[in-house]
């Protein structure tokens, strides 16, 4: 309700004053509507640094299938390739004619139809027993005991292949200890307790720890290092899983901090040439001569600004320039050096023009960021070994996020540190084209299956 005093004041206004008041009120309504639109604008992984898991997912409508199921007419049939050396071959010979009953075994076949069936043999654990003999020396009276070979030493209950299998199922395929015990019993016919599974994971952590430290040293001395971190829960507390990537190596680290002290502890006295990261402040201050800001994050942040301020030309032009720069970096090998450098110069000039723009309101934080970090935007255009984004680190952390969602939190410090060491060794092996399972088996100890081929009593 409008107060009576206000009504009286309005009635006293002239026509020109009423028109001016109307324009003022319309301007105010426009501003309030703009603020309301800003609040209603959804923040997603496409217009911010928010992870896709937090995006709002509306219920999908069932759409009618317009095309028939199956392959198109004329599509080339894809069949499973035949192996060169099958383990068993069954020959289906033709002995007699089904019509006239004459013998056809001596006839040359006009065609041989090959088909292969793949099957698994019965999985059954192999138990190797050691019997260590003790003999009393008749000369000195000392007790002498038979020596056990490597792989059959005392205190070992499982072979490295079995331990590598259990560790891979838990670490790589995110199977908890309770389900792991059931799986080993049903598929492998192996009686394994939860305590036995925990002991295997502990032993795996000790086996890979030294190799993980070697990888960390390689990353630490890398020329170009990328880093990122993700949330983790360790015995009910907030921790962070860090990853440092350099060339074909990645090092994982579990720490209760997200601050710059983690990077300082990891790098020690080393300094990288280029540090690739998002705009998290501790990473921006990493010990490196230069810093490359993740362009994928910047494009998403600009997209969020465009959705909130669709009439801000600066945001659209800057986003288009960043995309052009990324495209140029991807085409570097297909261009002449002279033509490439000419395009780089044009992009940098355009960037300088955009950074001279002036506007107020939403988006000035991005403008200030790019002015301050101008030299951190296009390093990837100058150096081919520097990526334009930090996607390598995000891909390295994706399995850990899945493990966290499936398994929940780590119940102990050693569990978190063991997971980080295993992730370091196995992921680095995959990066270098190695078989992660075989790599883990090698680190777990001497294989014991070759002993099955030896005579029972070796001389």
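Considering only residues that are in a strand (DSSP E or B) and more than 24 Å from residue 388 (Cα to Cα), which ones fall in the stretch 232-241?
Within the stretch 232-241, 232, 233, 234, 237, 238, 239, 240 meet the criteria.
Every residue, every condition in (1) free of Cβ contacts under 8 Å to residues at least 60 places away in the same chain; (2) under 24 Å from residue 380 (Cβ atoms); (3) in a helix (DSSP H, G or I); (4) in contact with a strand residue (DSSP E or B) (Cβ under 6 Å, 6 or more places away or on another chain), yes or no:
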{"residue": "204", "(1), (2), (3), (4)": "no, no, yes, no"}
{"residue": "210", "(1), (2), (3), (4)": "yes, no, yes, no"}
{"residue": "222", "(1), (2), (3), (4)": "yes, yes, no, yes"}
{"residue": "226", "(1), (2), (3), (4)": "no, yes, no, yes"}
{"residue": "251", "(1), (2), (3), (4)": "no, yes, no, yes"}
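Scan the stretch 354-370 for residues that are surrounded by 11 or more Cβ atoms within 10 Å (Cβ to Cβ) and not in a loop (DSSP other than H, G, I, E, B) and report the count.
Residues meeting the conditions: 8.
So residue 314 ticks every box in (1) farther than 27 Å from residue 229 by Cβ; (2) without any contact (Cβ under 8 Å) to a residue 40 or more places away in the chain but one. Which box is left unticked?
Against the list (1) farther than 27 Å from residue 229 by Cβ; (2) without any contact (Cβ under 8 Å) to a residue 40 or more places away in the chain, residue 314 comes up short only on (2).
If residue 433 satisfies every condition in (1) over 23 Å from residue 160 (Cβ atoms); (2) assigned to a loop (DSSP other than H, G, I, E, B); (3) under 18 Å from the mean Cα position of the chain (by Cα) but one, which is the exception?
Evaluating residue 433 over (1) over 23 Å from residue 160 (Cβ atoms); (2) assigned to a loop (DSSP other than H, G, I, E, B); (3) under 18 Å from the mean Cα position of the chain (by Cα) leaves (1) as the failure.
Please go through the stretch 295-318 and give me each residue that is closer than 20 Å to residue 355 by Cβ, surrounded by 14 or more Cβ atoms within 10 Å (Cβ to Cβ) and over 26 Å from the mean Cα position of the chain (by Cα), ordered by number.
Scanning the stretch 295-318 gives 305, 306, 309, 312, 314, 315, 316, 317, 318.
Restricting attention to the stretch 391-398, does a residue exist that is closer than 25 Å to residue 316 by Cα and either in a loop (DSSP other than H, G, I, E, B) or out of contact with any strand residue (DSSP E or B) (no Cβ under 6 Å at 6 or more places or on another chain) (or both)?
Scanning the stretch 391-398 turns up at least one residue that is closer than 25 Å to residue 316 by Cα and either in a loop (DSSP other than H, G, I, E, B) or out of contact with any strand residue (DSSP E or B) (no Cβ under 6 Å at 6 or more places or on another chain) (or both).
Among the residues of the stretch 83-108, how many are within 30 Å of residue 119 (Cα to Cα) and not in a loop (DSSP other than H, G, I, E, B)?
Total satisfying the criteria: 0.
Could you please give the count of residues in the stretch 280-294 that are part of a loop (DSSP other than H, G, I, E, B), over 22 Å from residue 352 (Cβ atoms) and in contact with a helix residue (DSSP H, G or I) (Cβ under 9 Å, 6 or more places away or on another chain)?
Total meeting the criteria: 3.
Here is a check on your reading of the model: is residue 379 within 29 Å of residue 424 (Cα to Cα) and surrounded by 15 or more Cβ atoms within 10 Å (Cβ to Cβ)?
yes
Hey, any hits in the stretch 216-226 for a residue that's within 15 Å of the chain's Cα centre (by Cα) and buried (at least 17 other Cβ atoms within 10 Å of the Cβ)?
Within the stretch 216-226, one or more residues are within 15 Å of the chain's Cα centre (by Cα) and buried (at least 17 other Cβ atoms within 10 Å of the Cβ).
Restricting to the stretch 112-152, give me the number of residues that are assigned to a loop (DSSP other than H, G, I, E, B), surrounded by fewer than 10 Cβ atoms within 10 Å (Cβ to Cβ), touching a residue at least 12 places away in the same chain (Cβ under 8 Å) and more than 42 Å from the chain's Cα centre (by Cα).
1
Name the one entry in 200, 215 that is in a helix (DSSP H, G or I), touching a strand residue (DSSP E or B) at 6+ places or on another chain (Cβ under 6 Å) and either under 18 Å from residue 422 (Cα atoms) or modelled with pLDDT under 95 (or both).
215
So residue 388 ticks every box in (1) within 30 Å of residue 198 (Cα to Cα); (2) touching a helix residue (DSSP H, G or I) at 6+ places or on another chain (Cβ under 9 Å); (3) surrounded by 22 or more Cβ atoms within 10 Å (Cβ to Cβ) but one. Which box is left unticked?
Unmet condition: (1).
Please find, within the stretch 371-385, the residue that is farthest from residue 246 (Cα to Cα) out of those that are outside any loop (DSSP other than H, G, I, E, B) and out of contact with any helix residue (DSSP H, G or I) (no Cβ under 9 Å at 6 or more places or on another chain).
372
Return a yes/no flag: does the stretch 20-41 have any residue that is assigned to a loop (DSSP other than H, G, I, E, B), closer than 29 Å to residue 304 by Cα and modelled with pLDDT under 65.
The answer is yes; a qualifying residue exists.
Would you pick out the residues in the stretch 155-175 that are exposed (fewer than 15 other Cβ atoms within 10 Å of the Cβ) and farther than 18 Å from residue 435 by Cα?
155, 157
The values are calculated or read from the model by the stated rules, or taken from the named source; none is laboratory data. A quick note: this is a predicted structure, and the numbers were derived from the prediction, not measured. Here Cβ is always computed from backbone atoms with ideal geometry, including for glycine, and neighbour counts include all displayed protein chains.
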